[in-house]
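To start, the structure under review is shown below, and the notes come after it.
The values are calculated or read from the model by the stated rules, or taken from the named source; none is laboratory data. What you see is a predicted model, and the numbers here were worked out from it, not measured in a lab. FYI the Cβ positions are ideal-geometry reconstructions off the backbone, even for glycines, and counts take in every protein chain you see.
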């Protein structure tokens, strides 16, 4: 891969190791949430089944700096990863008993519906179309879509630039909300929109000049900017609102409510998770946990 990620990986690795050392207890997650000891749940619920199994399978992304990133030694780090650990801990499941599955945008509903994962925590924007197939807990974070370009690019100033300049190409990810949202600004979708499975591929394409811009949520783009050694920058203001939710099986209201209650009861761990991961990226701000939507 051409894109340079080593600096951010090293930073996040040091943060994670420091957090673990400060915890001093192997039964705690990196955000110092103690693993529940033999928790009891109503028989037949997802929580009871997972607690009894002592393990959980969680889908996340492997290429999102600050949210879900696979490090050089094969470990996963990021805000989404830590949020998932908080939920697992409340189920009595330690992080070593989490099975992680790489879950690109295009397959998130599919892996939930097929039972390949128990939940998906993967910069997963809540919207009505997806909610027809799955249930969302949360939101646990609110982002906004923006544009990333080469540092010397003064031609692109926001999404309207693609309407005014039909020769400009913008990259996003198949199955993502940003890919859909940018279409309304394109003069010629077929020629202007380039789609890949992962945002790291978009970043590589921007680096080598195959595309003129990358669009996704601002906090993700800030991660790529921070590790680009000044090669990239953000332009314009955010032009959407993207509430991130946790995807689970459609209609599992009890599990949804459990997740929301767990996050609400662990706001200190939530802030610690942010500050140890996405909060390390220049330009980010520590969020407040949003009010959850109704579980349906």
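Among residues of segment 49-63 being touching a strand residue (DSSP E or B) at 6+ places or on another chain (Cβ under 6 Å) and part of a loop (DSSP other than H, G, I, E, B), the one that is farthest from residue 105 (Cα to Cα) is 62.
Taking the condition modelled with pLDDT under 95 and within 21 Å of the chain's Cα centre (by Cα), does residue 21 pass? The answer is no for residue 21. Only one entry of 276, 293 meets the criterion of being under 26 Å from residue 104 (Cβ atoms), modelled with pLDDT of 95 or more, surrounded by 15 or more Cβ atoms within 10 Å (Cβ to Cβ) and not assigned by TED's automatic domain parsing to the domain that holds residue 119, and that entry is 293. Of the residues screened, residue 155 is not one that is assigned by TED's automatic domain parsing to the domain that holds residue 81 and over 22 Å from residue 270 (Cα atoms).
For segment 148-161, check the following and say yes or no: at least one residue is within 29 Å of residue 249 (Cα to Cα) and assigned to a strand (DSSP E or B). Checking segment 148-161: not a single residue is within 29 Å of residue 249 (Cα to Cα) and assigned to a strand (DSSP E or B). Taken over segment 228-246, the residue count meeting the criterion of being in a loop (DSSP other than H, G, I, E, B) and crowded, with 21+ Cβ neighbours inside 10 Å is 1. The listed residues are 211, 225, and the only one of them that is assigned to a loop (DSSP other than H, G, I, E, B), buried (at least 19 other Cβ atoms within 10 Å of the Cβ) and in contact (Cβ under 8 Å) with a residue 40 or more places away in the chain turns out to be 211.
Taking segment 114-132 as the range and being over 20 Å from residue 199 (Cα atoms) and in contact with a strand residue (DSSP E or B) (Cβ under 7 Å, 6 or more places away or on another chain) as the test, the residues that pass are 116, 117, 118, 119.
Only a single criterion out of (1) at pLDDT below 95; (2) in contact with a strand residue (DSSP E or B) (Cβ under 6 Å, 6 or more places away or on another chain) is not satisfied by residue 99, namely (1). Please verify whether residue 86 is in the same structural domain as residue 40 (by TED's automatic domain parsing) and touching a helix residue (DSSP H, G or I) at 6+ places or on another chain (Cβ under 6 Å), treating the condition exactly as stated. Answer is yes for this residue. Summed over segment 180-200, the residues that are without any contact (Cβ under 8 Å) to a residue 40 or more places away in the chain, within 21 Å of the chain's Cα centre (by Cα) and part of a helix (DSSP H, G or I) give a count of 2.
Of the helices (runs of 4 or more DSSP H) lying entirely inside segment 75-143, the ones with 2 or more residues being farther than 28 Å from residue 181 by Cβ are found at 79-90.
Okay, residues lined up against (1) within 29 Å of residue 71 (Cα to Cα); (2) in contact with a strand residue (DSSP E or B) (Cβ under 8 Å, 6 or more places away or on another chain); (3) assigned by TED's automatic domain parsing to the domain that holds residue 177:
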position: 228; (1), (2), (3): yes, no, yes
position: 231; (1), (2), (3): yes, yes, yes
position: 251; (1), (2), (3): no, yes, no
position: 289; (1), (2), (3): yes, yes, no
